Amino acid sequence: EMGFDTSSMEAVVAGAKGGAVFGSLLGGALIMSRGRRTSIAVSALPFLIGPLLIFTGRGFWQLLLGRLLMGFGFGLASVATPNYLSEVVVPEKRGMVEAMYELGIATGMLLSAIANLSIEALGEEGICAFDLGCWRFQAGLVPLCFALPLTLAVMLVPESPRWLLQAKGSSSEGLFCSLQEIGRLGRHGAAERLKTIEAKSAELMLSDFEETNDDLIRLWDLKHKEAGMPLFQLGDESNADLDESEDSEPPRVRTVYLLKQTLTDAGAILCGRGPPGTGTGLALAMCAAVLNQACASTSILIYAQNLLQSVGVTEKDDQDAQTLITFGAKLLGVLLGLFVVDRVSRRLLLAVGGLACAAFMGLLMVGAMLKSASLLLRLGRSRPAGARGTPRLPRPCPRPRSSGRAGSPP
């Protein structure tokens, strides 16, 4: 519909990856300066604006900007969400909950694929008339609909108490706000302490409360004790009005400064000017992140139909079915990891997953080189076809004829 050449289409498709790079860099600084929940809320804005730009796209630059914004939001969310989950979940369940985050991503990808194929099928059958083209609904409306629940959900969750204790220090306001958020998380012992504070009881000691092993409560008790337990002395008239000047809330650090400082520290560590062992650890972490993207798992999902056609799977129904199986395989792998994540060591799980990924990527490479549909898990009968070098982007839906049947593509 737009008449783009191969390079332009590839730039639009890859725009999300480019935006994710900048989003992940900014995300680290943003979660430190503005909080985990605020960062997740900020990440929802590009998820809303980007799809709207794509849905109303009139040219290359508008579509590219929409994809960049969507990638930027994903980069922010990919940093803020795992950090938030690791700080609010009890230690015994962190592995499972972190895996649930990846499960949500895999499930969302499968649901979006089903929605996109359904939209295309509706247009081809003449049930719905998509005068603007199917791709606008697939690449614009579907992501927008999935972004709305994120915007609403972030309003219902509490801020990370760990970040509040770090950002607001040992001030009375910070201690009270963090305890409230711990209570919203349902942690044992928070309600008892809140009732004592709100009732302005007489001076208490931490030993007066039931001993708890909750990590957040113990951290709060430690910070409160270091500050002189000001919230347990509100019954004393002399301490009823706490002097704001005595609060030890640290000054708010700007996001740009944190970003600059992070990049400076990372460069110093990689150059060997950091504490012993940090350079190796940072290099390994960066290599793991880069190789995770370089294995092209996302690209395979994006170009699945194009790859299948290049090896002879020309029937559209076969392409759609095998594309859904590819998305389902990703979901199955996440479910398997979710089952074993708390039963084996993280290193073993990473090693086995990496070896399995390398083996199947090798089969995929051989299948693509030999143009063997059987190696790509061909389902149905196919006819030989030449390879296409351009990505198979969503096609404009055919407009229905007056009889209700689908017409030819515009």
So how many residues does the range 286-306 have that are over 18 Å from A359 (Cβ atoms), open to solvent by 40 Å² or more (accessible area, probe 1.4 Å) and not hydroxyl-bearing (S, T, Y)? 7
Residue, nearest to L26 (Cα to Cα), within the range 253-272, restricted to residues that are without any contact (Cβ under 8 Å) to a residue 24 or more places away in the chain and β-branched (V, I, T): T264
Can you name every one of the helices (runs of 4 or more DSSP H) wholly within the range 44-162 that holds 1 or more residues which are over 30 Å from E181 (Cα atoms), of a type outside the set (K, R) and open to solvent by 40 Å² or more (accessible area, probe 1.4 Å)? 60-88, 94-124
Every residue in the range 321-332 that is open to solvent by 20 Å² or more (accessible area, probe 1.4 Å) and either in contact (Cβ under 8 Å) with a residue 24 or more places away in the chain or farther than 21 Å from M361 by Cβ (or both), please. A321, L324, I325, T326, F327, G328, K330, L331
Looking at S24, S33, S8, which is the one that is open to solvent by less than 50 Å² (accessible area, probe 1.4 Å), polar (S, T, N, Q) and closer than 21 Å to W135 by Cβ? S8
Among the residues of the range 210-265, the number that are at pLDDT 80 or above and open to solvent by 60 Å² or more (accessible area, probe 1.4 Å) is 15
Of the residues in the range 296-319, how many are outside any helix (DSSP H, G or I) and of a type in the set (A, V, I, L, M, F, W, C)? 3
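Name the one entry in Q322, Q293 that is farther than 18 Å from N116 by Cβ and either touching a Cys at 6+ places or on another chain (Cβ under 9 Å) or in a helix (DSSP H, G or I) (or both). Quick ask: steps written out before the conclusion?
On the way: Q322 fails: farther than 18 Å from N116 by Cβ.
Answer to the selection: Q293.
Only one of T56, T107, T81 is at pLDDT below 90 and within 28 Å of V341 (Cβ to Cβ); which?
Among T56, T107, T81, only T107 is at pLDDT below 90 and within 28 Å of V341 (Cβ to Cβ).
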Quick one: which of G362, G380, G312, G367 is modelled with pLDDT of 80 or more and of a type in the set (G, A, S)? G362
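The values are calculated or read from the model by the stated rules, or taken from the named source; none is laboratory data. Predicted model, so just to flag it, every value in this text is computed and none were measured. Virtual Cβ from ideal backbone geometry, glycine too; neighbours counted across all protein chains shown. In case anyone asks, the SASA skips ligands and DNA or RNA and just uses the protein heavy atoms, side chains included. Shrake-Rupley method; radii C 1.70, N 1.55, O 1.52, S 1.80 Å.
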